[in-house]
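The values are calculated or read from the model by the stated rules, or taken from the named source; none is laboratory data. This is a predicted model, so every value here is computed, not measured. Cβ coordinates were reconstructed from backbone atoms using ideal geometry, including for glycine residues, and neighbour counts include every protein chain displayed. Protein only, heavy atoms only, side chains kept; ligands, DNA and RNA dropped before computing areas. Shrake-Rupley method; radii C 1.70, N 1.55, O 1.52, S 1.80 Å.
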Amino acid sequence: MDLLQLVAVILDSTIRLSIPLICAAMAGLWSERAGVVDIGLEGKMLIAAFASAVAAFVTGSAWIGLGTGILAALALALVHGFAAITWRGNQIVSGVAINMLAAGLTVILGNAWYGQGGRTPSLEGPARFGEITLPFARWAHENVPGLGLIYDEVVSGHGAPAYLALLCVIVTAFVLKRTRFGLRIRAVGENPAAVDTAGISVAGLRYGAVAICGLLCGIGGTYLAVAQSAGFLPHMTAGRGFIALAAVIFANWRPWPALGACLLFGLLDAVAIRLQGVTLPGIGLVPVEAIQALPYLMTIVLLAGFIGKATPPRASGLPYVKER
Amino acid sequence: MSAAPVELPHWADVALVPLVSVIAALLVAGLVVVGIGENPLEATALLLRGALGSAEGIGFTLYYATNFIFTGLAVAVAFHAGLFNIGGEGQATVAGIAMAIVCLALSMLPGFLAAPFAILGAAAGGALWAFIPGWLQAKRGSHVVITTIMLNFVAATLIVYLLREIIGKPGSMQPETPDFPAQAVLTPMHQWLAPLGIDLPSTPLNTAFLLALMALAAVWLLIWRTRLGYAIRTVGANPRAAAYAGISPAAVTMIAMAISGALAGGLAVNEALGVQHRLVLDFTAGYGFVGIAVALMGRGHPAGVGLAALLFGVLYQGGAELSFDKPAITRDMVVVIGGVLVLFAGALDGLFRRLVAGVIGRWGAG
């Protein structure tokens with residue numbers, strides 16, 4: 001395989017591995033920018049993956065699967081909102097609860113319904129998101145040297161939720177930065193009292209952000225089960241929700257850098273898979289675990305302020321009490 | 001909705017509110033059982049009979065409870081210092097690694113030394129893995145929740161690497177260490193009690209259970225009867241006031257986290273030293289997360305933690321028996337109940353206090 005081809009293959013799997021991270025990172029961004037800490041991204045993606053696989057199998061439509069996945073994640077997001085916003089409960093505790101709930105429920109229901117150890121039956125045909133070939137991909141591959149190959153292999157040929165996820169980044173960046181709603185979301189995460197004084201509902205804004213968070217987790221989970229794989233596997237999110245959280249911290253709670261961090265973590269993962277059992281000259285056998293642990297280690301180092309500084313929204317994690 | 005905290009009598013606060021959230025969590029679990037087409041009453045009967053209906057069942061129940069006592073206490077101690085340690089899984093993993101290294105390195109030690117050294121190794125490993133986030137929070141201001149999450153994953157990749165490359169059993173396809181030396185292994189309870197004329201069926205219940213009971217007593221003494229415990233509670237209640245009173249919140253944060261991690265190491269002692277007699281991958285099996293539910297339900301008090309651990313022991317053992325009879329109801333039901341409990345007893349605490357206050361108020365009026 002020549003070098004360009006190799007680069008294209010690695011970049012292609014980078015995109016595939018990044019999509020769920022990107023969705024979850026944008027989800028976390030919305031919630032945390034509004035001041036609601038969310039460590040339940042993992043659980044929401046997991047329940048969405050399960051619900052979307054079940055719905056896609058039953059109806060034979062990947063799009064109905066997507067809708068169901070979003071609804072499932074939205075339901076858990078509202079549970080989080082109810083605990084964190086209405087009852088001012090501990091947001092971390094609530095996130096832990098959501099992760100446990102999703103991990104248990106998906107296995108129990110999957111096992112009870114299909115009896116395959118928690119897996120759902122495999123999805124075929126229209127029940128899965130097929131690969132979309134972008135216009136001119138074949139033509140560019142043959143006629144444009146270099147870039148054409150990259151366009152065909154890397155940019156083209158992903159499932160619909162992948163393009164949806166990239167669209168979500170653009171929308172998130174635009175809405176948070178340029179619209180009145182986005183400004184208010186950011187304000188409620190920094191200084192809810194000021195928002196309240198201006199006569200805007202703190203709870204309403206936060207519920208809105210939490211709901212958007214659920215929607216995005218729903219897309220991410222659906223991508224995992226209905227586009228990347230052909231069905232649901234127990235614990236298939238495998239810590240991606242937490243990696244996404246790391247990406248949000250890495251990006252200092254900003255959308256475009258978060259996209260970059262997700263792509264970086266996806267690249268690390270893709271490289272780790274490629275390097276499995278490969279001996280590099282001068283280094284020897286690369287321990288794949290070392291590369292897999294990198295995002296977590298990098299986050300710890302960043303949070304400790306050894307390289308740069310992570311500053312979360314000022315009011316994040318604090319329930320808003322009007323009378324204080 | 002008023003922001004004023006609901007006033008409750010003390011007995012209601014420590015007993016009634018957790019009880020109501022347990023009942024509510026079990027009701028939710030019952031709904032899930034109905035949802036998969038089984039009878040919840042029948043399932044409950046099977047579960048209780050499996051957990052408490054025989055000496056063997058009780059042995060297994062107490063063995064599971066041992067794990068939950070350790071992980072529950074770990075979360076509880078950190079809680080008293082105002083810290084939320086969700087790194088129990090990672091701390092127990094590193095504790096297991098440290099213990100395995102001690103066991104394999106000191107295989108020549110006589111019996112009465114090997115086990116204590118192994119246990120100390122576990123405590124040190126867990127303490128170290130918890131001290132790191134404690135230090136990072138105290139000195140660098142990075143939040144302990146995020147760092148413990150990240151360190152859970154680092155520990156999970158570390159054990160895979162070590163079992164595969166460094167301390168793994170040569171030639172084994174399983175990621176596991178060679179068997180620990182026989183003199184380091186903890187005695188199973190049935191062997192231990194046999195010379196006293198007490199005949200018990202063979203269960204994984206071992207001496208670690210006694211260690212767990214001692215840990216319960218020790219934590220009670222630590223938190224309510226020592227200067228350090230007072231410092232921990234003061235920092236937990238109000239770090240600024242603690243600093244004004246001459247207590248260093250930074251030092252207390254690091255010490256409390258280290259103690260918490262050492263307690264989480266007890267999980268490795270029970271599982272690896274007490275039952276499997278070697279270190280295997282994924283021996284923590286989510287016990288660290290259930291410890292959060294145990295600590296929340298037990299209100300951070302050792303007596304409550306003991307009771308909550310017993311409840312989860314019943315659910316685990318009963319759940320295992322239940323899944324033999326009803327394959328549709330897997331042991332993951334315990335994870336669901338744990339999740340609902342964490343939600344009800346932890347995050348929705350305000351709602352449940354209000355409900356209880358409402359009921360008490362009506363009684364008082366009527």
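Within segment A:64-99, if we keep just the residues that are among the polar types (S, T, N, Q) and free of Cβ contacts under 8 Å to residues at least 24 places away in the same chain, the residue that is farthest from the other protein chains (Cβ to nearest Cβ) turns out to be A:T68.
All of A:V288, A:V278, A:V195 fail the test of being closer than 30 Å to A:G104 by Cα and at pLDDT below 95, apart from A:V288.
Against the list (1) in contact with a helix residue (DSSP H, G or I) (Cβ under 7 Å, 6 or more places away or on another chain); (2) surrounded by fewer than 19 Cβ atoms within 10 Å (Cβ to Cβ), the condition A:I300 fails is (2).
Number of residues in segment A:310-323 that are within 12 Å of chain B (Cβ to nearest Cβ) and either free of Cβ contacts under 8 Å to residues at least 12 places away in the same chain or surrounded by 14 or more Cβ atoms within 10 Å (Cβ to Cβ) (or both): the value is 7.
For B:G358, are the conditions met, namely being out of contact with any Pro (no Cβ under 9 Å at 6 or more places or on another chain), more than 9 Å from every other protein chain (Cβ to nearest Cβ) and not hydrophobic (A, V, I, L, M, F, W, C)? Give the derivation first.
Numbers: out of contact with any Pro (no Cβ under 9 Å at 6 or more places or on another chain): yes; more than 9 Å from every other protein chain (Cβ to nearest Cβ): yes; not hydrophobic (A, V, I, L, M, F, W, C): yes.
Here the answer is yes, as B:G358 does meet what is asked.
Across segment A:262-275, the number of residues qualifying as modelled with pLDDT of 85 or more and either away from chain B (no Cβ under 14 Å) or on the phi > 0 side of the Ramachandran plot (or both) comes to 7.
Residue pairs whose Cβ atoms lie under 7 Å apart, separated by 6 or more positions or on different chains, with the first residue in segment A:262-290 and aromatic (F, W, Y) and the second modelled with pLDDT of 85 or more and in a helix (DSSP H, G or I), are A:F265/A:L21; A:F265/A:I243; A:F265/A:A247; A:F265/A:P295.
Scanning segment B:37-51 for residues that are within 14 Å of another protein chain (Cβ to nearest Cβ) and without any contact (Cβ under 8 Å) to a residue 40 or more places away in the chain, we see that the one that is most open to solvent (accessible area, probe 1.4 Å) is B:N39.
Listed here are the helices (runs of 4 or more DSSP H) enclosed by segment B:193-284 that have at least 2 residues being open to solvent by 60 Å² or more (accessible area, probe 1.4 Å): B:208-225, B:227-237, B:239-244. Selection of segment B:22-39 for residues being within 16 Å of A:L105 (Cβ to Cβ) and assigned to a helix (DSSP H, G or I) yields B:A25, B:L26, B:L27, B:V28, B:A29, B:G30, B:L31, B:V32, B:V33, B:V34, B:G35.
A:N111 passes every criterion in (1) at pLDDT 95 or above; (2) at the interface with chain B (Cβ under 8 Å from one of its Cβ atoms) apart from (1).
Per-residue answers, yes or no, for (1) among the hydroxyl-bearing types (S, T, Y); (2) more than 7 Å from chain A (Cβ to nearest Cβ); (3) within 26 Å of A:L109 (Cβ to Cβ):
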{"residue": "B:V294", "(1), (2), (3)": "no, yes, yes"}
{"residue": "B:L310", "(1), (2), (3)": "no, yes, no"}
{"residue": "B:G313", "(1), (2), (3)": "no, yes, yes"}
{"residue": "B:E321", "(1), (2), (3)": "no, yes, yes"}
{"residue": "B:D325", "(1), (2), (3)": "no, yes, yes"}
{"residue": "B:V334", "(1), (2), (3)": "no, yes, yes"}
{"residue": "B:L341", "(1), (2), (3)": "no, yes, yes"}
{"residue": "B:G350", "(1), (2), (3)": "no, no, no"}
